[in-house]
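Chemist: Sharing a structure with you now.
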Amino acid sequence: MKVVVLTGAGISAESGVPTFRDADGLWEGHRVEDVATPEAYELSPTTVHRFYDARRAALLSVDPNPAHTALARLEQSLGDDLLVITQNIDDLHERAGSERVLHMHGELRSALCRACHGRHRWDHDLVDLPPCPGCGVTELRPDVVWFGEIPYEMDRIAVELARADLFVSIGTSGAVYPAAGFVRQAMRYGARTLELNLEPSEGTVWFHEARHGRAGDLVPEWVAELLAGVSR
Ligand code: BJW
């Protein structure tokens with residue numbers, strides 16, 4: 001059985017990473033739509049760098065939670081039959097032990113050079129405009145996908161959704177496309193669909209089944225159920 005899991009900010013919430021659209025979703029009074037656009041970066045690169053530098057630094061003080069570790073456990077059992085597509089730019093899936101993870105909205109621990117388009121592992125601040133390790137030009141930006149930009153790995157994602165027997169969406173509001181459309185894409189190709197979220201998402205009607213509660217409770221329960229079925 002091929003399982004494709006889509007994760008969003010809600011899976012990292014219990015690790016202490018703020019979500020975007022919940023009550024605490026503002027950063028210094030900015031909505032994500034105000035800082036996560038190429039236009040915001042052109043207008044004030046310093047503001048945008050500070051936003052991402054702060055989030056990169058905050059990664060050091062958070063750890064994976066039981067939802068991340070349950071997905072890593074599932075991967076140990078399903079191997080290549082499990083793919084996690086995450087909208088998150090944190091590295092909590094990897095730190096929990098998952099290896100088959102696509103970061104469709106990029107990664108905090110990566111910098112993208114606007115001059116040579118190189119992607120570089122990055123654990124420092126960008127606000128001081130360091131030179132690109134590849135070409136030396138001072139055009140490094142956060143390697144994340146902003147509104148109006150095309151997410152990473154869309155071709156591979158289309159193939160994986162078409163092959164999925166089960167599509168599970170965890171901790172995402174369903175407010176941002178193309179990720180919000182994956183459930184319908186997977187369903188069109190015959191997948192069963194399951195939502196695990198604190199509350200009904202904007203696309204909850206598209207799921208065959210929806211369970212509402214904390215990811216740290218729901219995901220380990222669902223993984224245990226699936227593994228019990230797989231081993232029978
Ligand atoms: C819990 C929990 C717990 C809390 N347990 N659950 C009009 C109509 C339709 C589309 C568009 C439109 N106008 C423009 C568009 C397109 C646009 C878009 O979707 N805009 C919307 C605002 C309408 N999309 C784009 O521009 C995308 N690109 C694009 O479409 O290119 C064209 C193209 C695509 C494909 C092929 C060809 C062409 C790019 C979108 C980039 C999004 N970028 C961001 C920032 C990334 C970097 C960063 O992290 O800063 O990505 S925005 C932000 O939202 C971030 C997230 O990944 C993304 C999704 O948010 P998420 O993860 O769902 O978080 P929340 O906070 O919204 O929800 C959390 C959920 O968890 C809630 O439901 C809680 O209840 C729940 N929860 N605690 C379980 N403990």
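Chemist: Through the Karplus equation 6.51 cos²θ - 1.76 cosθ + 1.60, θ set to phi - 60°, convert the phi angles of segment 206-211 into ³J(HN,Hα) values in whole Hz; use x for Gly and Pro.
Modeler: 7, 8, 4, 9, 9, 10
Chemist: I would also like to ask the following. Take the Cβ-Cβ distance between residue 155 and residue 208 as r, set R0 to 30 Å, and report the resulting FRET efficiency rounded to the nearest 0.05.
Modeler: With R0 = 30 Å, the Cβ-Cβ based efficiency is 0.70.
Chemist: Let me ask something additional. Given H placed on each backbone N at 1.01 Å, which residues far from residue 145 in sequence or on other chains put an amide H within less than 5 Å of it?
Modeler: Under 5 Å from the amide H of residue 145: 106.
Chemist: What is the distance in Å between the Cα centroid of segment 112-165 and that of segment 189-232?
Modeler: 30
Chemist: Measuring from label point to label point, each 7 Å out along Cα→Cβ, what is the residue 37 to residue 184 span in nm?
Modeler: Placing both labels 7 Å along Cα→Cβ, they lie 2.4 nm apart.
Chemist: Apply the Karplus curve 6.51 cos²θ - 1.76 cosθ + 1.60, θ = phi - 60°, to the phi angles in segment 10-23 and return the couplings in whole Hz, x for Gly and Pro.
Modeler: x, 6, 9, 4, 6, 8, x, 8, x, 7, 8, 10, 8, 4
Chemist: Once Lys and Arg get +1 and Asp and Glu get -1 on their Cβ, which of 23, 51, 212 lies farthest toward the positive end of the dipole of the chain?
Modeler: The residue sitting farthest along the positive end of the dipole is 212.
Chemist: Which order do the peptides 129-137, 64-72 take when ranked by the mean count of other beta-carbon atoms within 10 Å per residue, highest first?
Modeler: 64-72, 129-137
Chemist: A follow-up question, please. Grab the DSSP H runs of the chain that are 4 residues or longer, score each as -39,500 (n - 2.57), total them, divide by all residues and round the 222 nm result to the nearest 500 deg cm²/dmol.
Modeler: -10000 deg cm²/dmol
Chemist: What are the ³J(HN,Hα) values, in whole Hz, obtained from phi via the Karplus relation 6.51 cos²θ - 1.76 cosθ + 1.60 with θ = phi - 60°, for each residue of segment 141-153 in sequence order, with x given for Gly and Pro?
Modeler: For segment 141-153, the Karplus-derived couplings read 10, x, 8, 10, 9, 9, 4, x, 9, 8, x, 6, 6 Hz, x marking Gly and Pro.
Chemist: Another question, if that's okay. I need the calculated FRET efficiency for the pair residue 225 and residue 24, taking r as the beta carbon distance and R₀ as 22 Å, to the nearest 0.05.
Modeler: 0.10
Quick note: the coordinates plus some simple rules give every number you see, no bench work behind them. Just so we're clear, the structure is a prediction, and the values are computed from it rather than from any experiment. When we count neighbours, we look across all protein chains shown, and the Cβ atoms used for this are built from the backbone with ideal geometry, even at glycine.
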